Each structure stands twice: as structure tokens, then as C-alpha cells.
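Since the structure comes first, as C-alpha cells, the remarks are kept for the end.
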4 protein chains.
Amino acid sequence: MDEIKDIDPKNIFSDFEHVGFQATNLGKAVKLIERMRKEKATIFLTFTANMVASGLRGIFADMCRRKLIDVVITTGGSLDHDLIRTEKPYLLGDFDMDDKELHEKGVNRIGNILVPNDRYEFLEKKIQPLFEKLYSKNKIVSPSEIAKAIGESVSDKNSFLYWCAKNNIPVFSPGITDSAIGLQVYFFKQKRKDFGIDVTGDMQQLASLALNAEKTGGMILGGGISKHHAIGVNILRGGMDYAVYVTSSPEWDGSLSGAKTKEAVSWGKIKESASHITVNGDATIVFPLMYSKLKV
Amino acid sequence: MDEIKDIDPKNIFSDFEHVGFQATNLGKAVKLIERMRKEKATIFLTFTANMVASGLRGIFADMCRRKLIDVVITTGGSLDHDLIRTEKPYLLGDFDMDDKELHEKGVNRIGNILVPNDRYEFLEKKIQPLFEKLYSKNKIVSPSEIAKAIGESVSDKNSFLYWCAKNNIPVFSPGITDSAIGLQVYFFKQKRKDFGIDVTGDMQQLASLALNAEKTGGMILGGGISKHHAIGVNILRGGMDYAVYVTSSPEWDGSLSGAKTKEAVSWGKIKESASHITVNGDATIVFPLMYSKLKV
Amino acid sequence: MDEIKDIDPKNIFSDFEHVGFQATNLGKAVKLIERMRKEKATIFLTFTANMVASGLRGIFADMCRRKLIDVVITTGGSLDHDLIRTEKPYLLGDFDMDDKELHEKGVNRIGNILVPNDRYEFLEKKIQPLFEKLYSKNKIVSPSEIAKAIGESVSDKNSFLYWCAKNNIPVFSPGITDSAIGLQVYFFKQKRKDFGIDVTGDMQQLASLALNAEKTGGMILGGGISKHHAIGVNILRGGMDYAVYVTSSPEWDGSLSGAKTKEAVSWGKIKESASHITVNGDATIVFPLMYSKLKV
Amino acid sequence: MDEIKDIDPKNIFSDFEHVGFQATNLGKAVKLIERMRKEKATIFLTFTANMVASGLRGIFADMCRRKLIDVVITTGGSLDHDLIRTEKPYLLGDFDMDDKELHEKGVNRIGNILVPNDRYEFLEKKIQPLFEKLYSKNKIVSPSEIAKAIGESVSDKNSFLYWCAKNNIPVFSPGITDSAIGLQVYFFKQKRKDFGIDVTGDMQQLASLALNAEKTGGMILGGGISKHHAIGVNILRGGMDYAVYVTSSPEWDGSLSGAKTKEAVSWGKIKESASHITVNGDATIVFPLMYSKLKV
């Protein structure tokens, strides 16, 4: 049996797997991702919108640039933030700010990140012509088409949508209307009543990606619809071969967001034979550390 | 300033607001819901799918039966579970069960709740004719139409969809395809390629509900897309007048699921003048206790 | 296998064990405590100081009055709060108050509970004569002797120390000096340099209680030294026969506070054959609900 | 106002303060510790026993070796683990192991760290002669004397007790008897009935350290008695000047373990003018990352 090893102060991360507790899980996660890559698994990356509001966006963009992943599944809010931040920075605030005061100043808060209202005006100005363009071709579009259109319209190298568009990495967003983009669709439909988003339009492509892969892996950051959608589609092929979850949610409420990888095994969303690990902590700390240690 | 009061063992819940910590927040939440009702606010109830797999379903159904709430926003999984449980019970397991063994036996786990595979066969048998019927009228449907069709097809008095259909309470599900129903749509589309779900189809109705209300209130159980969709639409009217969150997620990761009510004030999703409270804990304990104390 | 049952709105808590998630665990905990009592187990009750600052104090006092438990293990802070609250109420504040402002006003905050500085002046006035009295008999005292002396000096029926003294329930506090009482000891020692607290003085009595019991049970609210001390002493007898934990701490950091009952089985702190359950949530909600359902 | 910056994949940790969420707090914590050091604050380091069972022990030892900190406050269990691990390694297990099976094999579990029973036999063999030696000089000893005696008896360079003894860094342990060492004291007292541990014996020294310091700082890892004791003694001087907490406990239950630094400001345990930050996450990930970035 392996021994717990004291951290070597001169080489702090050299053997994180033998530190114990979540350091162990982080160490295992790094190895798992390296294996996914080595075995050329089709890798599903999922994340929540707040992460795109944070500096993690730079890592997501880099992963898409390097084609380290094959599929992105995320929420509508991720598209909002990625698009806005191509030109307009978000600001660093504090979790304990006075929210009434912020509201009076027209500043929206996401934890300790601030988004002034003019960012959403910028979003409106950018997205309405895109909708018009999409609409001129098809009255009913799919979420991935919207994501692609945005990616093609921007040039920021820190945008994951930019790199996904450039590198033909599909971006799925099954709950896309629950976002500022959704609100813009509502406004757009005031004049173009027959514009619509058919969320079933992406199903075939997503299913094919799972079905045609020899192996699949998941890098699942946070919970919600993005997490579930990635593991859910893998039911079609008998489950993922590799899965890494990073979560801050507890398991004890039976929520999907807090469920560990092992729960997904019962469903066939992750294979019985799969290697999988759950790392508990905030993705803004856990994931950069994992990424910095990856040899891929 | 109010004093902390020792609980009276003969009348344990008589003054929960003065107990301190989350008991205080629960006590405040009960009063807030009573005020929402008294002032005839349009009330948005949101919950996550795992809660419908639990006994909370009985309370949700009762609230819809009594028309205590006006709008339901939830995930596709909630429709799955509500439909299946009209005829097939779920089973009580354990969080620490062997998931490989469960998978071999064809049993799916949600925390400590078990769903044998035949439940999903039942779902298939029920939902495919429903899709056929919907399709015969419209090739493109909205999530609320699916929810309504299910509600009209069942007779279980513990089904919230049954009561919503009967009492004309709309059920919105912006991420509906991320569910077993979504998987059934995928199968259905193999033969009916032009069937689709336009998630923008419910926007006008949802927006009108928010815009036309004199006051609005939220009873937001758990996080994810359902939580955000309810507060998000209230931006259109300058925010909810009342909001109660019940959550088990931490605030410190900047996630929407863990965000407290006050964060929504900065966005105008909850009004500056609103009364609002966040209760931390598992909804299966917190919400029944709240419901038992409600005088409405 | 048992089925999940929808909550009956007319009888909400009638079958909490079949609700799922933490409601199930709470339902099991109630039954476990009933069995402990039925089998006349020696019951160890532990709690943290913040709980004595809250309204839970009323339940603790009631349990000691009714002799439902046999041993109390808690922190020094619990003695502080119990003594002060015999005459001086604590106040209800808010988690988000301005702590600088509070400090300027001389008000100390425990979550949403406020303790004005004069409460600690009252503590000083009460405890110094008690120390003098104890010192006159023995220069070195044990924590349980201090707890007993406090209990004998007060007459508040909501004080657990009052009832413990009256009913000969020992109160152990192995970390007693880490508290306001500890600070008072520091001041007392300025004049009585040879006054001391021998924490090993209580060992024999505590060990005997564990060793002489036919069965033992634990009601462990919160974590820390009190939790560990109760299960730790039970190693001497091969473990507790019953254990109920109520906790808000996560398991994933390997902390004792977040450790579930099953971890204690590996140590022989809880027996392999024991019945035991961990309920996740805030004790101010979970424990009153458990207590209200107990048939003992 | 500062902007959120996307992480630069080539230099991932270069500007963690501008990443958002807990990365921001971690970035701030690093700077705070650098300032504590620069201003020659007397630094209190506290940690919980499970951390000494993990690889963090290597960092604690290094900090004591380099005299980066001035005072250690920890639990009895930390002394247990530090002593045992000078000669006997702990093993890497898994959170989900079968605890009954482990118990039958005589293996104790701390999260995913395993401690076979023979480790405690080793502890007994080492500690009894130490007690005998201490007893021969004084029948009543203080916790810091025990810690020092252990430190002087070992030669492992990864032992924090070794370096504390060598570098005259006092180790306080106000709850020392709640540990395996405490159990050994119980056995020792069977023959030496007048042996005792006076926990007030360390008070004067600890108080002097706080009172005589020009500035003080806290590096508070985890919660419990160690956390509180460090901030508690700083009341005597009007509070710490700097404080960094690393915690995995929630704030909402009003517990000391989950309390943020700001709560301590109301008490005068941290100064109104102090710089302080709370980082949420598992110390095995958060603290090595902080330590690796420290320029001191």
C-alpha cells in the first residue's frame, strides 16, 4: 500500500497524489487527464458561466486553441461573458459589497466579480445583428449555431468561442435561453416572431460524437445542466471511460451538482471500468493548479 | 433589538425567528411566504429534479392543487420523475451503495434514492405516444406544452404536473432536453426528423407573467437553471418583491447556485426594496418544516 | 426494498425516513435515539458553544432536566454562554453586519447572534468569586468541577449547567481554557499564581462512565474537541453502540468535524455492530425537528 | 477599479489576485503573509490534527525550520501524528473504504489516510518514558512542556515538533488530552496518580507573546480550538494585525470553524485596521499553493 509522503518544500507539487485528502484527488485527476489524452479519448469539457466571468476563461481558451478537448458543453451565461469580455473587461469587487448600492450604480455582481450595465448594452449591440444574420438563413437555429456565430465574429485570443469556431470544436448549450442572450432573443422576437431556437437541433451531432468515439473522457467543472448533459449523452455508448469532476457542492442533498463520479456509474453515464475522480474545491484554485501540472 | 429566545420544549417552533443561525432564516422565510400570499404576489416556484425523486413531490403537488403558487420552473428531470412516479415507485437506498453492483442490477442511484431501469422503459412507453400526439398538431413544440401534455395524461394526485395542468399553472423548463425526456426526443426524432422543441416558444408567456404581476415572489429550492430562470425573467419588471432561497451550495465559488438573495439585488432580479432570505440546508428537511408552519 | 413516499401534506413528518436524502437520515436518527433510550444506553451529548448562544440552549436544558442524557461534553465557550444567559439575554443580529461598527459599539458577533461587552463584565463578576471559592478548597481543579460550581450557582431553568448540577450529570470540557472563562482564569492567576486546571482530573470519571455502561450512545451535535472526546473515550469499551451525528462540515477535507459515523467504526470509537447515522445540516433546524419527533 | 484578468497559460499563477472567486482570496493571502513577515509580526500558525497526518506536515516542519512563524497552536492529535510519523509512515487509502473491514484489520481511517494500530503501539512505547521523565521533574506539567519533550526526543527533519524544540518555537495545545497522548496519560496515571496536566500553565507565556509583540499575524488553517485559541489570546492586545484563514466549513451555522475573519473584528480578536482574508477550500490544496508562491 502506498505511503503518505510529506511535501518536499523544494518541490511542492512533485507527488501530490501522496499528500492525502483533496491533494490526492487533484494528483489523480492530473494523471487521469494525461491518460485521456494519451488514449485519444474524445474529451467533453464542461463549465459554468461564473467561471467564464473569472480568469479561468484564459485556460479554457488555451485548451480550445491547443485542441486539448473535443466538445464544450456550457450554459448561455458562458456565451454572454465570453462575448462581452472580448472587448469589455469585468471588474474585481468583493463578496460583501452592498448590493443595493451596486444596483443604484448599475453594477451587477457575480461573487466578487462586477459587471457594469454597459457590458450588457455592448452585448445587445453585438448580438442583435448576429441574430439577424442567422435568421436570414434559418428561422429556427440551434444553440451550437449561435455559439459558432459568436465565435466567428470575435478576434480575442482569450475567447474560448473564438478558438472553438476556429478549431471546429462544437459548443453545446442546451439551456441557452436562460441567459442575457436569451433575453436578447426575447427582444429580437418582438420583431421576428418566427425566430426560434430548437434545442433538439444539436442532439444528433452530440450523440454522434459520443457514439463514434473509441473512448470518451469528461472534464466536468462545476455542476448544473452542463455537467449532466455531458455525462447524460454518454449513456448512449455505455458511459465515459474517464471522468474528472471539480465541485464545490455537497453530495448529501442528492443533487446532480454534488454527486460524485461513482453515482454516475450506476447510471451507465460513466463506465464500471472507468477511471474517475472527484476533486472538491473552487475551480479557480483547483483547475489552474491541475492545468499547470498537466504534461500533455 | 430583538433577543435570542431559548426554545420552549413544549412549543418548539413557536418562535423560530429568535433561535439564531438558520432557524432564524427559516422563521423569516415562513413569514415572507405568508406575506407573498397575502399581497397576492405572482409566485414562482422552482426546484431541481432530485427533489421530485424525493418525497417533496407530495408537497409540490399539494401547493399546485391549492394554487398557492402561480408558475413552476424546473428541469427536464423533474418531468421524468413526476411522470414515472405516477405509476412506478422509487426505492430507498443509501448514499454509500456499490455503484458498480447497482449498475449490474440495472438500478440507477440519485443520492440515497434508487430508480430501477424499468422505470425508464415505462417512461418511454408513456412519452412516445404523447410526442406523436403533440407532433400531429405541431412539429415544433415548447417545453411548457410537453409539461402540460404529461399533466393531462396522468391521474396521480401526488403529481405536480397533474395539478398544474388541471389548475392552469404553467410549467417552464428551459433546459428540458437535458433529461430522459430529452433522450426520448432523440429517439423520436429518428423517425420524425422535423420534430423539435423551440425553447423560445415559452418566452412571451413567461415574460407576460412577470410584467403583468403587481407583485412577484420566488420560492427557489436549490440552484441551477431553474433558479436563475425565475429571477432572470424578473429583470423585466425591476425584480421580485419577495424571494426565499433554500440552498445547500456555498457562496464562495461565485456560482449562481450558491449565490444569496442579496447578489440578485445588484442585478435587479430582486428589488432593492424587496424582502428576501436565504436558508441554508437540505430542502428535504428545510422545506417540509417551512410548509408545516405556513399559515396560508 | 422500501419505497420513497410522497410527503402527506396533512401529516408532514409521519414518515420522514421514506422521503429521501437528509430527511431519511433525520428520520433514522429519531428512531436511533429512541432505541438508545429504550435500551438504557449511557448517552453522551456533545455540542459546540455557538449552539448554547442560540435557542438550542432551551432544548439542552430540557434534556438535562428530563435526564434524557447521562454525560455532557462541550467547550469552554458553552459554559460562558450558559452562565451569561442565566441573566443577560443575547441579541438577534445578522450575518452581514458591519463588524467594525459592531466593534466600535462594543458588540461581539457569533453568526447572527450578538453579545454586547457588558455580558462579559457580568461573567467576570460571577466567575471570580466562584474561582475564589474553588481555590479555597483546592488549588488545582478539574473542568467538570468548574462546570458544576457554575451550575450550582445559578437558578435559571433554561440553563443546562443548572440541570446538570441538580441531576448529577457530569459536564466535561477538556479544552475549557479556550474561552472567556479561560481568560478569567488568566486574570485570577495574576493574584493566585498556584491556581490551576488539571484536565486529567476528569479522565477517571469519564473513562468509568464508558467502561461501566452496558451500552453507550452518542448525540453529537457539531464537531471539534467535544465530538472527538465523546467518541474517543468509547475506544476503551470497544466503541459506542449507537451514534447520531449532526454536522454542517464536509467530509472531503479529512477533518474530524466532517467525518461521518462510519469513519469512527474503523477506530473502534463506534462498534462494527452499532447503529449510526450522520445528518447534514444546521443543528438549529435539524435538532429541534428531531427533538419534536422523539417519543421518549 | 481593478480588472479581472484571464489567466496566462504560460504563467498561470502570475496574477492570481485578479482571477476572481477563491483564487483572488488566495492571491491576497500570499501578499498578506509576505507583509506579516516584512513587518516582523509575531506569527501564530494553527492547524488541525488531520493536516499533520497528511503531507502538509512537510511544510509545517519547513516553516518551523526557517522560523517563518513564532508560535504554533494545535490539537493533541497533531502531536500524536507528528511523533508517530517520525518513524512509522501513514498509508494512502480511500474515503469510501469499508470501515468494518478496516476495523477488523486493525486499521484506522482519517479521510483517505490510514493508520494501522501498530502506530499507536509505537506511540505508547515512545511516550510513556517521556511522561516518566517529565514526572520525575514535575508532577504537574503544561501542554507546551509535553510538546517540547517530544520534539527533543526525535530527529526526523520532517517533524514540526523537532524544529519547534530546536528553534524555541512554543507549541501550545490547550485541548491536549483529547488525543492518543491523552489516552496514554490516562494509562500513565494508573500508576502515577498524581501526574497531571495544568492547561493554565501555558497561559502566561502565550499571553506575553501576544502582549509583547509590536504586530501579530495569524495563519489559521482549519477550525476548532486551535483557531479560536490563536485569535482569542489576541484580544489581550486589541487584535491581530494580519490574519489569513483557510477553511472548508460554512459560515451559516454560526460556528467558530466557519466564521470568516470579519467576525473576529467585532470581538477585537482581529483589529479594525487589520488586513485579513478567508480562503475557502481544502488546506492540502490551498496551503501548498500559497506556500509555493510566498516570497519570504
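The values are calculated or read from the model by the stated rules, or taken from the named source; none is laboratory data. Not measured: the values here are computed from a predicted model. Neighbour counts are summed over all protein chains in view; Cβ atoms, including those assigned to glycine, are modelled from backbone coordinates with ideal geometry.
Within the range B:236-263, residues that are more than 9 Å from chain A (Cβ to nearest Cβ) reach partners that are charged (D, E, K, R) and assigned to a strand (DSSP E or B) with beta carbons closer than 7 Å, at six or more positions or on different chains, in the pairs B:G238/B:K271; B:M240/B:K271; B:D241/B:K271. So in the range D:275-294, with the set limited to residues that are of a type in the set (S, T, Y) and more than 9 Å from chain C (Cβ to nearest Cβ), which one is surrounded by the most Cβ atoms within 10 Å (Cβ to Cβ)? Residue satisfying both the conditions and the ranking: D:T278.
Screening A:D194 against (1) in a helix (DSSP H, G or I); (2) under 30 Å from B:G201 (Cβ atoms); (3) touching a residue at least 12 places away in the same chain (Cβ under 8 Å) leaves a single unmet condition, (1). So, D:L26, is that one more than 9 Å from chain A (Cβ to nearest Cβ) and buried (at least 24 other Cβ atoms within 10 Å of the Cβ) or not? In short, no. B:K191 fulfils the conditions (1) surrounded by fewer than 18 Cβ atoms within 10 Å (Cβ to Cβ); (2) within 11 Å of chain A (Cβ to nearest Cβ); (3) among the charged types (D, E, K, R) except for a single criterion, (2). Within the range B:166-179, identify whether any single residue is acidic (D, E) and surrounded by 23 or more Cβ atoms within 10 Å (Cβ to Cβ), and answer yes or no. Among the residues of the range B:166-179, at least one is acidic (D, E) and surrounded by 23 or more Cβ atoms within 10 Å (Cβ to Cβ), which makes the answer yes. Number of residues in the range B:258-296 that are of a type in the set (S, T, N, Q) and touching a helix residue (DSSP H, G or I) at 6+ places or on another chain (Cβ under 6 Å): the value is 5.
Residues in the range A:161-186 that are assigned to a helix (DSSP H, G or I) and either among the polar types (S, T, N, Q) or touching a Leu at 6+ places or on another chain (Cβ under 9 Å) (or both): A:L161, A:A180, A:I181, A:L183, A:Q184, A:Y186. Among the residues of the range A:203-228, those that are of a type outside the set (V, I, T), crowded, with 24+ Cβ neighbours inside 10 Å and closer than 30 Å to B:I146 by Cα comprise A:G222, A:G223, A:G224, A:S226, A:K227, A:H228. Would you point out the residue of the range D:235-292, among those that are more than 18 Å from the chain's Cα centre (by Cα) and acidic (D, E), that is nearest to A:G27 (Cα to Cα)? The selected residue is D:E251.
Which residues, taken from the range A:123-141, are aromatic (F, W, Y) and surrounded by fewer than 16 Cβ atoms within 10 Å (Cβ to Cβ)?
As a first pass, look at the range A:123-141 and keep what is aromatic (F, W, Y): A:131, A:135.
Hits for the range A:123-141: nothing passes.
Listed here are the residues, each with its yes/no results for (1) within 14 Å of chain B (Cβ to nearest Cβ); (2) closer than 20 Å to B:I225 by Cβ; (3) touching a strand residue (DSSP E or B) at 6+ places or on another chain (Cβ under 9 Å).
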position	(1), (2), (3)
A:K148	no, no, yes
A:S155	no, no, no
A:Y162	no, no, no
A:A165	no, no, yes
A:I169	no, no, yes
A:F172	yes, yes, yes
A:G175	yes, yes, no
A:G182	yes, yes, yes
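Screening A:D70 against (1) facing another protein chain (nearest Cβ under 9 Å); (2) touching a helix residue (DSSP H, G or I) at 6+ places or on another chain (Cβ under 9 Å) leaves a single unmet condition, (1).
Scanning for something at the interface with chain B (Cβ under 7 Å from one of its Cβ atoms), crowded, with 24+ Cβ neighbours inside 10 Å and without any contact (Cβ under 8 Å) to a residue 12 or more places away in the chain, does the range A:265-274 turn up at least one residue?
From the range A:265-274, those at the interface with chain B (Cβ under 7 Å from one of its Cβ atoms) are A:265-268, A:272; that's our starting set.
Now drop any that are not crowded, with 24+ Cβ neighbours inside 10 Å, which leaves A:265-266.
Then keep just the ones that are without any contact (Cβ under 8 Å) to a residue 12 or more places away in the chain; that gives A:266.
Within the range A:265-274, one or more residues are at the interface with chain B (Cβ under 7 Å from one of its Cβ atoms), crowded, with 24+ Cβ neighbours inside 10 Å and without any contact (Cβ under 8 Å) to a residue 12 or more places away in the chain.
Residues in the range C:205-234 that are under 18 Å from the mean Cα position of the chain (by Cα) and away from chain D (no Cβ under 14 Å): C:T216, C:G217, C:G218, C:M219. Can you name every residue in the range D:73-105 that is in contact with a strand residue (DSSP E or B) (Cβ under 6 Å, 6 or more places away or on another chain) and more than 9 Å from every other protein chain (Cβ to nearest Cβ)? Within the range D:73-105, D:I73, D:T74 qualify.
Just checking, which of B:S155, B:S136, B:S144 is part of a loop (DSSP other than H, G, I, E, B) and polar (S, T, N, Q)?
On the way: B:S136 fails: part of a loop (DSSP other than H, G, I, E, B); B:S144 fails: part of a loop (DSSP other than H, G, I, E, B).
From the options B:S155, B:S136, B:S144, the qualifying one is B:S155.
Suppose we filter D:E3, D:E39, D:E17 for residues that are over 30 Å from A:L102 (Cα atoms), surrounded by fewer than 24 Cβ atoms within 10 Å (Cβ to Cβ) and not hydrophobic (A, V, I, L, M, F, W, C); which single one remains? Answer to the selection: D:E39. Inspect all residues belonging to the range C:148-155 and state whether any of them is crowded, with 17+ Cβ neighbours inside 10 Å, among the small types (G, A, S) and out of contact with any Asp or Glu (no Cβ under 9 Å at 6 or more places or on another chain). Yes, because at least one residue in the range C:148-155 is crowded, with 17+ Cβ neighbours inside 10 Å, among the small types (G, A, S) and out of contact with any Asp or Glu (no Cβ under 9 Å at 6 or more places or on another chain).
Does D:L102 satisfy the condition of being in contact (Cβ under 8 Å) with a residue 24 or more places away in the chain, surrounded by 20 or more Cβ atoms within 10 Å (Cβ to Cβ) and either more than 30 Å from B:F95 (Cβ to Cβ) or not charged (D, E, K, R) (or both)?
Working: in contact (Cβ under 8 Å) with a residue 24 or more places away in the chain: no; surrounded by 20 or more Cβ atoms within 10 Å (Cβ to Cβ): yes; either more than 30 Å from B:F95 (Cβ to Cβ) or not charged (D, E, K, R) (or both): yes.
No, not satisfied.
A:R109 falls short of the stated requirement of being closer than 25 Å to D:D2 by Cα, among the charged types (D, E, K, R) and part of a helix (DSSP H, G or I). One residue stands out among those in the range B:1-27 that are among the small types (G, A, S) and part of a loop (DSSP other than H, G, I, E, B): the one that is modelled with the lowest pLDDT, which is B:S14.
The rows are residues; the columns are (1) at pLDDT below 95; (2) more than 17 Å from C:G175 (Cα to Cα); (3) not hydroxyl-bearing (S, T, Y).
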| position | (1), (2), (3) |
| --- | --- |
| D:E214 | no, yes, yes |
| D:I220 | no, yes, yes |
| D:I231 | no, no, yes |
| D:N234 | no, yes, yes |
| D:T247 | no, yes, no |
| D:W252 | no, yes, yes |
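Filtering the range B:146-189 to residues that are under 17 Å from the mean Cα position of the chain (by Cα) and among the acidic types (D, E) leaves only B:D178.
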